Amino acid sequence: MGPIKKVGIIGLGALGVMYADMFTRALGKDQVLVLADAARAARYRDSGVFFNGSRCDFDYQDAAAVKGPVDLLLFAVKFGGLEDAVATCRHLVGPDTTLLSVLNGIRSEQILSAAFRPEQVVWCVAQKMSAQKQGNYATCTQTGELAIGVPAGQDAAHLRRLAAFFDLIGAAYALPADIRLHKWSKLLCNTGCNQAALVYQCGFRGLQQPGPARDTMIAAMREVVAVANAEGVGLTEQDVQDWVAVIDGLDPDFAPSMRQDGIAHRRSEVELFAGTICPLARKHGIPVPVNDRLYEDIQKMEAAY
């Protein structure tokens, strides 16, 4: 298995644009394929995609027309589009393709592992970022980092390959000791901040200030700790406090992705958060009234779009 030289990216949300820009600058336009169906790729070429005010010079490709595997395939779609993205790009995954998802939650790696070979999937948490996208315009004031790893017992060859690629291009990353614990920790963060921001219709400023949005965020996080512990994952109150400190340090004028979805009247990724936590809580007989309420409120909001 050689070094990563050719990259495919499917999904042009804020993170998709950010990493497409980063990889294109490092490798050159011809080595980074921005993948979509034919109609969407044509729209991207015609209308353009912008990052921090500049039009991006990306190689937009109809995924179905691309031949041969890529070395790295990055999934940056919404959760509801992941199954379609897998089908769209299946022919681009060879035996040596490294697979990476920057989706929130704990479920995308399970889906990729079931669709392909588990040892090709590097688990990932996108963290410490302030990025948002409105229409074709993506803005990022903090690029953050990707925390990457593989679960215990999995061959780490693809992890080493990906880390070497990031070292080569100067992309920030972290190697947590326990990637499963780390993914649950980020799930704790998103279950609190994303859902509270959507329901209370606020950005990070509203979560940083004392009040109902912040209280709800923290209470939802504490429910995740209880569910994680029942699942054998050792989250603690310190994880709650650590993530609150991270949120307090983000750009107050930016907003979590679910709030951005609400502004645009898009379906959110609530199924990744309360939609994951509430069924697990019921399995263990754990009350999670805050997440139950958030799930119900979000369903009502989205039904009214």
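Anything in region 164-202 that is part of a helix (DSSP H, G or I) and without any contact (Cβ under 8 Å) to a residue 40 or more places away in the chain? List them, or say none.
We begin by selecting, within region 164-202, every residue part of a helix (DSSP H, G or I); these are 164-169, 179-199.
Matches in region 164-202: Phe166, Asp167.
Look at region 160-212 and say how many of its residues are surrounded by fewer than 20 Cβ atoms within 10 Å (Cβ to Cβ) and among the hydrophobic types (A, V, I, L, M, F, W, C).
11
From the list Arg90, Arg55, which one is exposed (fewer than 13 other Cβ atoms within 10 Å of the Cβ) and closer than 25 Å to Ser108 by Cα?
Numbers: Arg55 fails: closer than 25 Å to Ser108 by Cα.
It is Arg90.
Scan region 41-55 for residues that are outside any loop (DSSP other than H, G, I, E, B) and touching a Leu at 6+ places or on another chain (Cβ under 9 Å) and report the count. It would help to see each step written out before you state the result.
Within region 41-55, the first condition is being outside any loop (DSSP other than H, G, I, E, B), and the residues that meet it are 41-47, 50-51, 54-55.
Add one more test, that the residue is touching a Leu at 6+ places or on another chain (Cβ under 9 Å), and what stays is 41, 44.
The number of residues fulfilling the criteria is 2.
One residue is enough: does region 113-124 have a residue meeting the conditions β-branched (Val, Ile, Thr), at pLDDT below 95 and under 27 Å from Arg90 (Cβ atoms)?
Quick first cut of region 113-124, residues β-branched (Val, Ile, Thr) only: 121-122.
Still in the running and at pLDDT below 95: none.
No, every residue in region 113-124 fails to be β-branched (Val, Ile, Thr), at pLDDT below 95 and under 27 Å from Arg90 (Cβ atoms).
Can you go through Asp167, Asp178 and tell me which one is acidic (Asp, Glu), closer than 18 Å to Val7 by Cα and touching a strand residue (DSSP E or B) at 6+ places or on another chain (Cβ under 9 Å)?
Asp167
Based on this model, can you work out whether Asp96 counts as over 22 Å from Leu159 (Cα atoms) and of a type in the set (Asp, Glu)? Steps first, answer last, please.
Values: over 22 Å from Leu159 (Cα atoms): no; of a type in the set (Asp, Glu): yes.
Considered against the rule, which asks whether it is over 22 Å from Leu159 (Cα atoms) and of a type in the set (Asp, Glu), Asp96 comes out as no.
If you scan region 106-127, which residues turn out to be touching a Gly at 6+ places or on another chain (Cβ under 9 Å) and either surrounded by fewer than 18 Cβ atoms within 10 Å (Cβ to Cβ) or not aliphatic (A, V, I, L, M) (or both)?
Hits for region 106-127 are Trp123, Cys124, Gln127.
Tally the residues that are within 24 Å of the chain's Cα centre (by Cα) and touching a residue at least 60 places away in the same chain (Cβ under 8 Å), restricting the search to region 267-287.
10
Residues are listed down the side, and each one gets a yes or a no for (1) outside any helix (DSSP H, G or I); (2) touching a Ser or Thr at 6+ places or on another chain (Cβ under 8 Å); (3) in the same structural domain as Gln132 (by TED's automatic domain parsing); (4) modelled with pLDDT of 90 or more:
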site	(1), (2), (3), (4)
Gly232	yes, no, no, yes
Gln241	no, no, no, yes
Val244	no, no, no, yes
Leu250	yes, yes, no, no
Gly262	no, yes, no, yes
Glu271	no, no, no, yes
Leu280	no, no, no, yes
Ile286	yes, no, no, yes
Leu294	no, yes, no, yes
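Just checking, which of Arg282, Arg259, Arg267 is in contact with a Leu (Cβ under 7 Å, 6 or more places away or on another chain), among the charged types (D, E, K, R) and on the phi < 0 side of the Ramachandran plot?
Arg259 is the lone residue from the list that is in contact with a Leu (Cβ under 7 Å, 6 or more places away or on another chain), among the charged types (D, E, K, R) and on the phi < 0 side of the Ramachandran plot.
Could you tell me how many of the residues in region 1-35 are of a type in the set (A, V, I, L, M) and not in a strand (DSSP E or B)? Let's see the steps before the verdict.
Here is the first cut: in region 1-35, the residues of a type in the set (A, V, I, L, M) are 1, 4, 7, 9-10, 12, 14-15, 17-18, 20, 22, 26-27, 32-35.
Pick out the ones that are also not in a strand (DSSP E or B) and you get 1, 4, 12, 14-15, 17-18, 20, 22, 26-27.
Number of matching residues: 11.
Any idea which of (1) part of a helix (DSSP H, G or I); (2) more than 18 Å from the chain's Cα centre (by Cα); (3) touching a residue at least 60 places away in the same chain (Cβ under 8 Å) is the one Val225 doesn't satisfy?
With (1) part of a helix (DSSP H, G or I); (2) more than 18 Å from the chain's Cα centre (by Cα); (3) touching a residue at least 60 places away in the same chain (Cβ under 8 Å) applied to Val225, the lone miss is (3).
Please work out if Pro210 is more than 21 Å from Cys278 (Cβ to Cβ), in contact with a His (Cβ under 9 Å, 6 or more places away or on another chain) and not acidic (Asp, Glu).
Values: more than 21 Å from Cys278 (Cβ to Cβ): yes; in contact with a His (Cβ under 9 Å, 6 or more places away or on another chain): no; not acidic (Asp, Glu): yes.
It is false that Pro210 is more than 21 Å from Cys278 (Cβ to Cβ), in contact with a His (Cβ under 9 Å, 6 or more places away or on another chain) and not acidic (Asp, Glu).
Kindly check whether there is at least one residue in region 213-233 that is crowded, with 17+ Cβ neighbours inside 10 Å, under 25 Å from Tyr137 (Cα atoms) and of a type in the set (A, V, I, L, M, F, W, C).
no
When you go through Asp59, Asp71 one by one, which is the residue that is modelled with pLDDT of 95 or more and either on the phi > 0 side of the Ramachandran plot or in contact with a Pro (Cβ under 9 Å, 6 or more places away or on another chain) (or both)?
On the way: Asp59 fails: either on the phi > 0 side of the Ramachandran plot or in contact with a Pro (Cβ under 9 Å, 6 or more places away or on another chain) (or both).
Exactly one of Asp59, Asp71 is modelled with pLDDT of 95 or more and either on the phi > 0 side of the Ramachandran plot or in contact with a Pro (Cβ under 9 Å, 6 or more places away or on another chain) (or both), namely Asp71.
The values are calculated or read from the model by the stated rules, or taken from the named source; none is laboratory data. From a predicted model like this one, the values you see are computed outputs, not experimental measurements. Don't worry about glycine lacking a Cβ; one is built from the backbone with ideal geometry, like all the others, and counts go over all protein chains shown.
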